[in-house]
Each structure stands twice: as structure tokens, then as C-alpha cells.
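Accompanying notes for the structure given below.
The values are calculated or read from the model by the stated rules, or taken from the named source; none is laboratory data. Bear in mind the structure is a predicted one, so any value in this text is a computation, not a measurement. Every residue, glycine as well, gets a Cβ built from its backbone with ideal geometry; the counts of neighbours run over all protein chains shown. SASA here: full protein model, heavy atoms, side chains in, ligands and nucleic acids out. Shrake-Rupley method; radii C 1.70, N 1.55, O 1.52, S 1.80 Å.
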Amino acid sequence: MSPYARRWLFLFIFAGLVVLVDQAAKALIIANLYLGESVAPVPALESVFRLTYSRNTGAAFGFLPQAGDLFLVMAVIICAALVIFYPRIGDKAWLTRIGVALVAGGAIGNALDRLMHGAVTDFVHITIPGLVSNVSNFADHAIVLGVILILIDSWFIQGRETAAPDDGTPAGGQESGQH
């Protein structure tokens, strides 16, 4: 199998696994909890982590709840842009490849929810006492993690490009004017 084909296979398998895990977890929540019900799977962590079944018509983490259809269209556009961008990712940018797969899988997972249920199923309830209480899902977390990985990798790529090359030319790739 060619490296090009392996890259595409990686994207589809990894993004597919994100969608599979996300949709399976959401199906378990829908089947086992009533809307608004909350349980503490780890009693010792009850004050910071719970499973709470909620439905979100907005963006990740409940942002803009009236714009559900807009976010469905945006998910389709983002996935199309990622597919166009994917072949341009450099050979050494493996964190970016993982990040793109996470973002695509997360966007597809939430888009499927909007199409099947009219809203995104959220259930991961994280509370930092006195600071934040938020309910999200695995797709949201995959998107955030994917963006973080892409940013980290682009930071390292930029660092590699500005470092002095091994061939002895100065940093920035410019040769000195002396001949």
C-alpha cells in the first residue's frame, strides 16, 4: 500500500473510531438515563465528574443554542475543508494528521446527532467548584483535542523551519552573500 493510501486509510479509520465511540456512548446514555438525569459513576469524583443526559441545540459546550442548523452546515463545510487540506499535510506532521482526524470525527459525530435527534446529546458533566459546570460529549472533546494537537504541531513545524538546516546554511534558509 502506498504512503498516500495509508494516510487516507488512517484518516478514515481514526475519524471513524471517534464517531463510533462517540455514538456508542451517546446511545448508552439515551438508553439508560432520562433527559436531565445525572449519575456519579465514580462516587469519589462526584463533586467534579458526573454523567448528565442533556440535549444541546447549539455549538460545543452549549454555545449559541438557537443556531443548530447553522452548526450542522458548518460541520459539513469543516469536514470538506479538512479533506481538501489533508493531502497538503507534511510528511512529518503526524500530530496534525491525528488532530485532523479527531476534528473530523468529532464534527461528524455531532452532525449525526443533529440529523438523527435534532440536537446533540451531551453527557460528560465536569464541574470545577466556583469556576465552571459544563456538560459536553466525546465529540466535543475530540474536536478540542484535535485543534490543540494541530496548534502544537504547527508550533513545532514553525520551530523546525526556523532552525538552522543540517547543510550548514544559516537559519531561515538564506545563504550568505559571500561567494
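Out of the residues in the range 1-12 that are open to solvent by 90 Å² or more (accessible area, probe 1.4 Å) and not hydroxyl-bearing (Ser, Thr, Tyr), which is nearest to the chain's Cα centre (by Cα)? Steps first, answer last, please.
Restricting attention to the range 1-12, the residues satisfying the condition of being open to solvent by 90 Å² or more (accessible area, probe 1.4 Å) are 1, 4, 6, 12.
Keeping just the survivors that are not hydroxyl-bearing (Ser, Thr, Tyr) gives 1, 6, 12.
Working: MET1: 27, ARG6: 21, PHE12: 14 Å.
That would be PHE12.
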Practice task
Search the range 122-138 for residues that are touching a residue at least 24 places away in the same chain (Cβ under 8 Å) and pair each with any residue that is surrounded by fewer than 19 Cβ atoms within 10 Å (Cβ to Cβ) and in a loop (DSSP other than H, G, I, E, B) when their beta-carbon atoms are under 6 Å apart and the residues are at least 6 apart or on different chains.
Solution key: THR127/VAL48
Handout entry: Criterion violated by GLU37 - all others in (1) open to solvent by less than 80 Å² (accessible area, probe 1.4 Å); (2) out of contact with any Leu (no Cβ under 9 Å at 6 or more places or on another chain); (3) modelled with pLDDT of 80 or more; (4) under 21 Å from PRO129 (Cα atoms) satisfied
Key = (2)
Exercise for the section: Output the helices (runs of 4 or more DSSP H) that fall wholly within the range 66-179 and possess 3 or more residues being modelled with pLDDT of 90 or more and either open to solvent by 70 Å² or more (accessible area, probe 1.4 Å) or among the polar types (S, T, N, Q) (or both), or say none. Expected result: 94-117, 138-162
